[in-house]
Amino acid sequence: MSKVVSFEGLWCVFEHRSGQLVNALQDVTFKVEPGEFVCVVGRSGHGKTTLLRVLAGLQPPTAGQIQLGETVVSGPGADRAMVFQQDTVFPWLHVRENIEFGLRAMKVPTEERESITAHWLDAVGLTDFADSWPRELSGGMRKRVALAAAMAVGSDVILMDEPFGSLDYFTRRNLHEVLLDLWRETKKTIFFVTHDIEEALILADRVILLAEGKLVDDIPVQLSRPRDEDVRASTDAVDITKTILAHLGITEEEAIQG
Amino acid sequence: MRRVQSPTVFWIGWLVWFFASAYVLTFSSGLVGRWRFEEGLLYLNWSFFVGWALLFWAYPFALRLADAFRILKAVGRIILSLPRRLKDAVKNNPTFFITWLVLLTGWQLVSLVAPEGTLEHPLVPGFEYVLFNLDGGLYRLSGNWDLVGGVNLPGVSLRFGELAPFPSLEGAETRTWTAVWLALGFHSFMTLSRLVVGLSLGLVAGLITGLAIPYWSALRQISWAPFNFLRMIPLLAAIPWMQFALGAGLRATTIFIGFGVWVTLVVATMNSVSNVPDRFIESARTLGASRLYTYLRVIVPGAMPELRTALLLSGGLGWSLTIAGEFLGFSTGLGFMAAAAVQETNTARLMIVAIVVAFYSLLTFYLLNKMFNRMVSWMPQRTGTTDISKVAGAAGAASAVRVQTQE
Amino acid sequence: MTSTDVLDVRARAKREQRKRRILNVLYLLFGMLLFFVAWWLLSLEASPFYYDIPPPIDAIQHFLGNLGTSSEMRAKFVHACPDLHPDRATNWLRQVGSSLIGYKYTNEGLLPGDPRPIPLGQLPEGCYGYAIHLVVTIIRILIGATLGTVLGITIGLSSLVFPKVAQVFTPVASFFGTAPIFIAAPFFVIWFGVEVPIMTTMGLVTFYTTLLMYFFSRRAAENISVGIVESALTLGGSPRSIFRWVYLPGTVPEIAGGFRIALAGAWGLGVLVEVLGIQVGGGHLIDIWRFLIGLIEAPSALVALITFFGVLAVVVDGILVVIIRFLTRWSESGRRLGL
């Protein structure tokens, strides 16, 4: 358990639909300590998701590498489970089978698998829905299933790519609480991609700022937890928000243009 | 007797018994003495069928008395409820019935004013000609009974002469209504058995090949061109070659229908595999699933919903190939009945055959749909009235499932 | 990282991109090669299909050799094209015209030319080749498909304005649509086969295309999201303008897809009706060859003709894809459309 994640000179060059080459990531280098909650913030199309996908091993970097402890990331694996932006709960499996998915893939013995599944079903509050089809659940509940499935495989690092982006505000706040509880309980390293500064302030120990594929700032968030409304209204929090906005280049003029 | 526990075993057992009991009867001819079985030839008569029906129903009564009564009761209830259901249907959807009423009346009117033509039969026959006239449609189907020489089964050859006289041998005055129904039954059986064997072989082979090929991406790319070309070949036009090359037996049709369905389904399956959303595959991979495990547990089930169209269209293709194949070169089957009607340019006779074929294909698509919905019960329920199953018989002639697989 | 490193990274990406593209083309070509190798293997003496499948070269040679004029056809099938006349036979266009419409009407003076049939032996060489038969079939099928498409779309989209139309047509279309369409073919043969052969192929193809296009246009209209229509209404759209600017363009992708299905099926259907007893056309060629099982050329002829219609279907479908891609360039599925 507990490995340092280090990004070393990471480049990622993409082929655009028109055939042009696009730099999605440019020379990204940083290190993340075990158990940290890192939010990756940036505008859309500026490399956040690419960074996460390279870390997940879904995409090979064009240059550079990512190390998890001593090993170099070379493909997807259960040591870096990911929760996606879209709905990735398998509609053809019951809720329980969805959460068991990774465990079954790794051939975990039945008894152990059942107890792990029961634990995570309980942790995300879906025990009563264990035998439902995903189509019978709400969007927020399906996200809980995805979260539980990622947690259940027992990885040290959890990757989350704007997981709550499509949910309404109240469901999202509720899931933030669920996620923070799980994080405190398990002490996993969490990479959380978002474009929502408020979300980052609620969750993060540290904010990594990406602009045009470059790492432009690495901001520690040393606010007290829980990060309720008062904490987020404090001077420190407002300063962080201002720093982020300044880096992302939101000027008054642009704000008016939308 | 010990109760059979598993319902599947019970139903399969009944099916096996259905065939086995026929053999039991055949070889007990000496004991019963009501039908002849000589030198491997079984001369069928009505008492044989009565015996067969009794044995058929003896199975559920012996094994599951309560179930047997339940089945009989259910059948009875369905029959008794038919008038009420019809009344409800008329009340719920009057346009449907009015439309058909208008169409049928229109046909009848057209038959009154249409030119007689120079042929023996009217070009547009009215319903009394189709159904009741002794020179007309239905009664003339007894002519199709003529050519039913017999069927060779393993260990026994069936002869049908004692069920109803063959008009071709014994003169036109020996046409009988019995022969009409026997002809319809016999040829339906031949067509359906061709269809079922060919279709199921094609379905199984197509699904296996179509799911296996995309596992290796190089193989998928290599097979793209050949399969897509094969799919575009108008198979209906290739039927003459099929008879030329493969002959006219059950084997030939099976191979040909199977081939057509196989090609169609391989392309369709490969497409639905590549249309499985990437996010499911990526999610599975980050949860630690191996390539094979992801393929079996994510890609294969994920490809199923889109296969529905392909499945229905293969049914349509199978029907087209069977009927057209029989029309062009067989001496049994519904397609042959149509060809015989054309031979004497009897549109009335043709109409009966067409209606029977339409009825069977409606049934086929109903069953295919049912089977499919069971397979993907996890899917959200579908809505909308314009479902591909409504035109699967026509669209199946195309085998162009790549085009329109999104539902 | 220095600027040279940056260039290096991008060059590497570019190399990979090029490699991938070349590989794709290679796979495609290899697949085609494999197809011909398999065909050739099936035609070898050791194969069970030795007597039924000619080597690819033989089929192509047979087809090209008999395309324009064919001494083989002239020698063996004096009845290959009986409804041609000397006047028309010298003029290729007139040949096509008379074959299309049927000689009964030409004889009644609807088409110019000497109505008297000429002795079979005096027919010119040109009428025996495959080309005229194939052209006639293609035209018949295309006319039928076009008519059916216009009819089907008209009924389908008009059911948007008059819902009763759908209530009447959907049950009828689904009754005829579920039946294997071939069963309708004999009716057309009996009704029109002798006197107006064009109506057989064309009539059946029209009937079939109407069914399918009614269905696809109806489904396309149903799939247009309520939101878009409501938004158009709030923008002040009249029923007329919504039909013109929302429904018409919005249904194009699905209707176009349906047309591809319909046409792909129409080739086989049209040819098969001609096999049933039309005197001129590609199907008729197949019909006369299929009885000559003993002839050494028969497999070559059959396989060549069937393959021709396969290639034709692919080519026409390819052209359609280009057109549809242009018409639906605004939509994601339109842009990514492939064969």
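The values are calculated or read from the model by the stated rules, or taken from the named source; none is laboratory data. All values derive from a computational prediction rather than experimental measurement. All Cβ positions, glycine included, derive from the backbone under ideal geometry; neighbour counts span all protein chains shown.
Can we say A:Ala148 is at negative phi, facing chain B (nearest Cβ under 10 Å) and at pLDDT 90 or above? Quick ask: steps written out before the conclusion?
On the way: at negative phi: yes; facing chain B (nearest Cβ under 10 Å): no; at pLDDT 90 or above: yes.
No; evaluated as a whole, the condition is false for this residue.
Within the range C:252-307, restricting attention to residues that are among the β-branched types (Val, Ile, Thr) and under 30 Å from C:Thr328 (Cα atoms), which residue is nearest to the other protein chains (Cβ to nearest Cβ)?
Filtering the range C:252-307 down to residues among the β-branched types (Val, Ile, Thr) leaves C:252, C:255, C:261, C:271, C:273, C:275, C:278, C:280, C:286, C:288, C:293, C:296, C:303, C:306-307.
From what is left, the residues that are under 30 Å from C:Thr328 (Cα atoms) are C:252, C:255, C:261.
Values: C:Val252: 14, C:Ile255: 10, C:Ile261: 5 Å.
This residue is C:Ile261.
Scan B:Tyr59, B:Tyr23 and give me the residue that is in contact with a strand residue (DSSP E or B) (Cβ under 9 Å, 6 or more places away or on another chain) and in a helix (DSSP H, G or I).
One residue alone meets the criteria, B:Tyr23.
Of all residues in the range C:151-186, how many are within 24 Å of the chain's Cα centre (by Cα) and closer than 23 Å to B:Gly315 by Cα?
Residues flagged as within 24 Å of the chain's Cα centre (by Cα) and closer than 23 Å to B:Gly315 by Cα within the range C:151-186 amount to 13.
Return the only residue of B:Thr309, B:Thr254 being closer than 30 Å to C:Ile296 by Cβ and polar (S, T, N, Q). Break it down stepwise before answering.
Numbers: B:Thr309 fails: closer than 30 Å to C:Ile296 by Cβ.
Exactly one of B:Thr309, B:Thr254 is closer than 30 Å to C:Ile296 by Cβ and polar (S, T, N, Q), namely B:Thr254.
From the set of residues in the range B:218-240 that are aliphatic (A, V, I, L, M) and surrounded by fewer than 19 Cβ atoms within 10 Å (Cβ to Cβ), which is farthest from the chain's Cα centre (by Cα)?
Applying the first criterion (aliphatic (A, V, I, L, M)) to the range B:218-240 yields B:218-219, B:222, B:225, B:230, B:232-233, B:235-239.
Checking which are surrounded by fewer than 19 Cβ atoms within 10 Å (Cβ to Cβ) leaves us with B:218-219.
Details: B:Ala218: 37, B:Leu219: 34 Å.
Of everything passing the filter in the range B:218-240, B:Ala218 is farthest from the chain's Cα centre (by Cα).
Would it be correct to say that A:Val22 is out of contact with any Cys (no Cβ under 7 Å at 6 or more places or on another chain) and either buried (at least 20 other Cβ atoms within 10 Å of the Cβ) or at pLDDT 90 or above (or both)?
Details: out of contact with any Cys (no Cβ under 7 Å at 6 or more places or on another chain): yes; either buried (at least 20 other Cβ atoms within 10 Å of the Cβ) or at pLDDT 90 or above (or both): no.
No.
Return the only residue of B:Phe336, B:Phe330 being more than 14 Å from chain A (Cβ to nearest Cβ) and in contact with a His (Cβ under 8 Å, 6 or more places away or on another chain). Before you say what the answer is, go through the steps one by one.
Numbers: B:Phe330 fails: in contact with a His (Cβ under 8 Å, 6 or more places away or on another chain).
Only one candidate qualifies: B:Phe336.
Which of the residues belonging to the range C:40-57 are modelled with pLDDT under 90 and either in a helix (DSSP H, G or I) or of a type in the set (Phe, Trp, Tyr) (or both)?
Matches in the range C:40-57: C:Phe49, C:Tyr50, C:Tyr51.
Restricting attention to the range A:152-172, and to residues there that are among the hydroxyl-bearing types (Ser, Thr, Tyr) and not in a helix (DSSP H, G or I), which single residue is farthest from the other protein chains (Cβ to nearest Cβ)?
Our first condition is that a residue be among the hydroxyl-bearing types (Ser, Thr, Tyr); within the range A:152-172, this holds for A:155, A:166, A:169, A:171.
Subsequent filtering for residues that are not in a helix (DSSP H, G or I) retains A:155, A:166.
Values: A:Ser155: 8, A:Ser166: 13 Å.
Top of the filtered list is A:Ser166.
If you take the residues in the range C:194-209 that are more than 22 Å from B:Asn346 (Cβ to Cβ) and more than 7 Å from every other protein chain (Cβ to nearest Cβ), which one is surrounded by the most Cβ atoms within 10 Å (Cβ to Cβ)?
Restricting attention to the range C:194-209, the residues satisfying the condition of being more than 22 Å from B:Asn346 (Cβ to Cβ) are C:198, C:201-202, C:205-206, C:208-209.
Next, only the ones that are more than 7 Å from every other protein chain (Cβ to nearest Cβ) stay: C:198, C:201-202, C:205-206, C:209.
Numbers: C:Ile198: 21, C:Thr201: 32, C:Met202: 26, C:Val205: 29, C:Thr206: 24, C:Thr209: 29.
Selected residue: C:Thr201.
What's the number of the only condition in (1) more than 25 Å from C:Thr170 (Cβ to Cβ); (2) surrounded by fewer than 21 Cβ atoms within 10 Å (Cβ to Cβ); (3) modelled with pLDDT of 85 or more; (4) of a type in the set (A, V, I, L, M) that B:Leu362 fails to meet?
Result: B:Leu362 fails condition (1) only.
Out of the residues in the range C:170-193 that are among the aromatic types (Phe, Trp, Tyr) and more than 8 Å from chain B (Cβ to nearest Cβ), which is nearest to C:Gly250 (Cα to Cα)?
Among residues in the range C:170-193 that are among the aromatic types (Phe, Trp, Tyr) and more than 8 Å from chain B (Cβ to nearest Cβ), the one nearest to C:Gly250 (Cα to Cα) is C:Phe188.
Sort out for me the helices (runs of 4 or more DSSP H) sitting completely within the range C:210-301 that have 1 or more residues that are crowded, with 21+ Cβ neighbours inside 10 Å. First the steps, then the outcome.
Numbers: elements: C:226-234, C:239-242, C:248-275, C:282-290.
By residue number, C:248-275, C:282-290.
Hey, among B:Gly40, B:Gly51, which residue is modelled with pLDDT of 85 or more and small (Gly, Ala, Ser)?
Details: B:Gly40 fails: modelled with pLDDT of 85 or more.
Step by step, each of B:Gly40, B:Gly51 is checked, and only B:Gly51 is modelled with pLDDT of 85 or more and small (Gly, Ala, Ser).
Return a yes/no flag: does the range C:32-41 have any residue that is within 14 Å of chain B (Cβ to nearest Cβ) and crowded, with 16+ Cβ neighbours inside 10 Å. So that I can check it myself, show each step before the final result.
Taking the range C:32-41 as the starting set, the residues that turn out to be within 14 Å of chain B (Cβ to nearest Cβ) are C:32-41.
Going one step further and asking which of them are crowded, with 16+ Cβ neighbours inside 10 Å, we end up with C:35, C:39.
Taking every residue of the range C:32-41 in turn, at least one turns out to be within 14 Å of chain B (Cβ to nearest Cβ) and crowded, with 16+ Cβ neighbours inside 10 Å.
Residues being more than 11 Å from every other protein chain (Cβ to nearest Cβ) and either part of a helix (DSSP H, G or I) or crowded, with 24+ Cβ neighbours inside 10 Å (or both): count how many of those fall in the range B:241-251.
We begin by selecting, within the range B:241-251, every residue more than 11 Å from every other protein chain (Cβ to nearest Cβ); these are B:248-251.
Going one step further and asking which of them are either part of a helix (DSSP H, G or I) or crowded, with 24+ Cβ neighbours inside 10 Å (or both), we end up with B:250-251.
Count: 2.
Could you check C:Glu195 against (1) in contact (Cβ under 8 Å) with a residue 12 or more places away in the chain; (2) part of a helix (DSSP H, G or I) and say which number it fails?
Exception for C:Glu195: condition (2).
Quick one: in the range A:138-175, of everything that is among the β-branched types (Val, Ile, Thr) and under 16 Å from the mean Cα position of the chain (by Cα), which residue is surrounded by the fewest Cβ atoms within 10 Å (Cβ to Cβ)?
Here is the first cut: in the range A:138-175, the ones among the β-branched types (Val, Ile, Thr) are A:145, A:153, A:157-158, A:171.
Keeping just the survivors that are under 16 Å from the mean Cα position of the chain (by Cα) gives A:145, A:153, A:157-158.
Numbers: A:Val145: 27, A:Val153: 26, A:Val157: 21, A:Ile158: 25.
Going through the qualifying residues, I end up with A:Val157.
Being at pLDDT 90 or above, in contact with a strand residue (DSSP E or B) (Cβ under 6 Å, 6 or more places away or on another chain), away from chain B (no Cβ under 14 Å) and within 28 Å of A:Ser166 (Cβ to Cβ) is the requirement here; does A:Val124 meet it?
Values: at pLDDT 90 or above: yes; in contact with a strand residue (DSSP E or B) (Cβ under 6 Å, 6 or more places away or on another chain): no; away from chain B (no Cβ under 14 Å): yes; within 28 Å of A:Ser166 (Cβ to Cβ): yes.
Here the answer is no, as A:Val124 does not meet what is asked.
Hey, can you tell me all the residues within the range A:101-124 that are surrounded by 13 or more Cβ atoms within 10 Å (Cβ to Cβ) and small (Gly, Ala, Ser)? Steps first, please.
To start, the set of residues in the range A:101-124 that are surrounded by 13 or more Cβ atoms within 10 Å (Cβ to Cβ) comprises A:101-106, A:108, A:113-114, A:116-121, A:123-124.
Listed by number, the residues that qualify are A:Gly102, A:Ala105, A:Ala118, A:Ala123.
Please determine whether any residue of the range C:132-147 is crowded, with 21+ Cβ neighbours inside 10 Å, more than 7 Å from chain B (Cβ to nearest Cβ) and touching a Cys at 6+ places or on another chain (Cβ under 9 Å). Before the answer, list the steps.
Start the filter on the range C:132-147 by keeping residues that are crowded, with 21+ Cβ neighbours inside 10 Å, which leaves C:132-133, C:136-137, C:140-141, C:144-145.
Add one more test, that the residue is more than 7 Å from chain B (Cβ to nearest Cβ), and what stays is C:132-133, C:136-137, C:140-141, C:144-145.
Then drop every residue that is not touching a Cys at 6+ places or on another chain (Cβ under 9 Å), which leaves C:132-133.
So far as the range C:132-147 goes, yes, one or more of its residues are crowded, with 21+ Cβ neighbours inside 10 Å, more than 7 Å from chain B (Cβ to nearest Cβ) and touching a Cys at 6+ places or on another chain (Cβ under 9 Å).
Take the residues in the range B:339-354 that are more than 9 Å from every other protein chain (Cβ to nearest Cβ) and assigned to a helix (DSSP H, G or I); name whichever of them is modelled with the highest pLDDT. Give the derivation first.
Our first condition is that a residue be more than 9 Å from every other protein chain (Cβ to nearest Cβ); within the range B:339-354, this holds for B:340, B:343-344, B:348-349, B:352.
With the extra rule that they be assigned to a helix (DSSP H, G or I), the set shrinks to B:340, B:343, B:348-349, B:352.
Working: B:Ala340: 87, B:Gln343: 84, B:Ala348: 87, B:Arg349: 87, B:Ile352: 90.
Result: B:Ile352.
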